[in-house]
Every structure is written in structure tokens, then in C-alpha cells.
Amino acid sequence: MSDPLRRIDALVEEDTLPAPQVRQQLRLAAGLTQAEVADAIGVKRLAVARWEAGLTQPHRGNRLKYAHLLRKLAAKHPAAVEGAPDEG
């Protein structure tokens, strides 16, 4: 069962990331490319692609920046998180 409050809490925690699918949905809702997100965080586009695919996780410093960006995007685009699966 999906728990919307748990997904919202995950977005509010300082370094907790939402599920990979939600990361991509938030980026797309904001009209951003992976390259733009990568540039903002200070990593290569391939890193963002891997994070969104769930293949890797960002290291602590990048994780904090990425989580901050995703929280901001979630606040601007709440519909992007509705009905999304929980992080597994």
C-alpha cells in the first residue's frame, strides 16, 4: 500500500531521496534536463541518469544538494509526487 505521508516525509528529510522514478518525474515536471540538474549539483549528466535509474546513489555532499533540489521541485510541482511508488 502506498503511503503519501511517508513519501512527503522523505522529501522533507535533509538527505533522504525519493524513489528514483519520483526524482525523474520532478525533474521533468520542472522542464529540466539531466544536464541542467548535473550542472547545478556539480556532477556529470551520467551521474544524474544513474541516480534516476536507481543504479547508484549520490555521495553525502552531492546527496544533500540533490535532496535540496528535489524538495524545492516537489514544493513547486506537488502533482509530480502524487501516486508515486514508495522508495523500496
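What part of the accessible area of segment 20-88, given as a whole %, is carbon or sulfur when the probe is 1.4 angstrom?
C and S atoms contribute 54 percent here.
For ALA30, what residues show an amide H to amide H distance below 5 Å, using hydrogens built from the backbone and excluding near sequence neighbours?
none
Determine ³J(HN,Hα), in whole Hz, for all residues of segment 47-62 in sequence, where each value follows from phi through the Karplus function 6.51 cos²θ - 1.76 cosθ + 1.60 and θ = phi - 60°; x replaces Gly and Pro.
4, 5, 4, 5, 5, 5, 7, x, 7, 9, 10, x, 5, 3, x, 5
The values are calculated or read from the model by the stated rules, or taken from the named source; none is laboratory data. Quantities reported herein were computed from a predicted structural model and do not represent experimental measurements. For accessibility, only protein heavy atoms count, side chains too; no ligands or nucleic acids. Shrake-Rupley method; radii C 1.70, N 1.55, O 1.52, S 1.80 Å.
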